[in-house]
Amino acid sequence: MKVGILGGGQLARMLALAGVPMGLEFVIVDPKPDACAAGLGRFVQADYTDAGALDELAACDCVTCDFENVSADALEALADRVAVRPSAVALAAAQDRLFEKNRFAALGMDTAGYAEVNSRTDLGSAVERLGVPAVVKTRRMGYDGKGQMVLRDGEDLELAWRALGEHALIVEQWVEFDFECAITAVRTADGDMRCWPLSRTWHRDGILRLAGSLAVPGGLQAKAEALVRRLAEDLDYVGGLTLELFAHGDRLLANEFAPRVHNSAHWTIEGAVCSQFENHLRAVCGLPLGATEARGMAAMVNFIGRMPAPEAWLKLPGLHWHDYGKAAREGRKVGHATLNAADSAALKSLAPRLEGLLDADLLGELDSALGEG
Ligand code: AMP
């Protein structure tokens, strides 16, 4: 079978790396000449609306995306010619933070308090109603902490309005969460759905730094699965998706969802029976799903900006190295490493050896999360 992918970044690369052993072929479209998935299939360097690129995609058995901000027009035009999974509707649902939160609320899912902001006056009254700290975010095109600012006082409001005021905005209450986690699930066209164990996640400056299949308090797994199921069924979703959550006591607040494979579940490559990448491909190709159980415990460290030299780290038993082949650039995700162990005690004893790959505060967080296990 031939799978078309809009976007040729690391997610497309890891999809292709999972699909080639299954005999799948890939057509990868990206406007950037140095797209890091380019070498893993037929690479078409073109805009997403380019007629020739769309013809090549339409000749595939199905088409999927490695990012959610694909223009709905391009997708809808394609959907008349080939199966596009997930659908343009599912992608659109994640493209606007206000509509996304409204959908969560309509589905009875808890969220942080939020308000729509279209003017400086709206911003003032939203913060008055929601209190500080709060966070203002652009409704569209924000990712990895881009397009958002924390608001603590009147001066922050002025700065935020000057920086972001030209965009449609949303303001959210700041959630004093106990921890962040994410549930990754996969669903087939006939409604078969599986979830992986919850990922614990740690962000800095809005960018994911550390994630893993670490223990979470009992009960949250079932709650998270119920939430992602509600969302996936509502969207008649096909493929892999991730719902990012704030855990606060025994409550889970929905933050956002990604209609694609997701960084918080990269640990599933070596840490689960079937990875999110393989299962996404199985779902979009109409094949049966693989098992989503964890194989032991895994912790994944993102490399932001530049890759470390691998030699010292490859000596660590159970460590897997992923270099996306991207040029170094500040704030850019260029690779990750996953440390696998049989159980949380074994992972806890290995984790201190990540010193130097992971900041000291995150090493401490990892250690105490493993202690809870
Ligand atoms: P987002 O782009 O919405 O996923 O935000 C990136 C990260 O910023 C989240 O994973 C949190 O660590 C933090 N963050 C975003 N919104 C909030 C909020 N309302 N309360 C607390 N932390 C937040």
Residue check for N263: assigned by TED's automatic domain parsing to the domain that holds K223, polar (S, T, N, Q) and over 24 Å from L107 (Cα atoms):
yes
Segment 54-70 - residue that is within 18 Å of L11 (Cβ to Cβ) and free of Cβ contacts under 8 Å to residues at least 60 places away in the same chain and, of those, surrounded by the fewest Cβ atoms within 10 Å (Cβ to Cβ):
C60
So which of A90, A105 ends up being open to solvent by less than 20 Å² (accessible area, probe 1.4 Å), in a helix (DSSP H, G or I) and on the phi < 0 side of the Ramachandran plot?
A90
Going residue by residue through segment 231-241, is there one that turns out to be under 19 Å from the mean Cα position of the chain (by Cα) and within 14 Å of the ligand (Cβ to nearest atom)?
no
Any idea which residue in segment 116-150 is nearest to V89 (Cα to Cα), counting only those that are of a type in the set (G, A, S) and either exposed (fewer than 13 other Cβ atoms within 10 Å of the Cβ) or in the same structural domain as L243 (by TED's automatic domain parsing) (or both)?
S119
Can you spot a residue in segment 295-304 that is open to solvent by 40 Å² or more (accessible area, probe 1.4 Å) and either farther than 23 Å from C65 by Cα or modelled with pLDDT under 95 (or both)?
yes
Being of a type in the set (D, E, K, R), within 13 Å of the ligand (Cβ to nearest atom) and assigned to a strand (DSSP E or B) is the filter here, so list the residues in segment 146-188 that pass it.
E172, E180
Out of segment 71-87, which residues are outside any helix (DSSP H, G or I) and either touching a helix residue (DSSP H, G or I) at 6+ places or on another chain (Cβ under 6 Å) or touching a residue at least 12 places away in the same chain (Cβ under 8 Å) (or both)?
S71, R81, V82, A83, V84, R85, P86, S87
Exception for A83 within (1) within 16 Å of the ligand (Cβ to nearest atom); (2) closer than 18 Å to D236 by Cα; (3) surrounded by fewer than 19 Cβ atoms within 10 Å (Cβ to Cβ) falls at (1)
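The values are calculated or read from the model by the stated rules, or taken from the named source; none is laboratory data. Because the structure is a prediction, the values reported are computed rather than measured. Neighbour counts run over all protein chains shown; Cβ positions are idealised from the backbone, glycine included. Heavy atoms of the whole protein, side chains included, go into the accessibility calculation; ligands, DNA and RNA do not. Shrake-Rupley method; radii C 1.70, N 1.55, O 1.52, S 1.80 Å.
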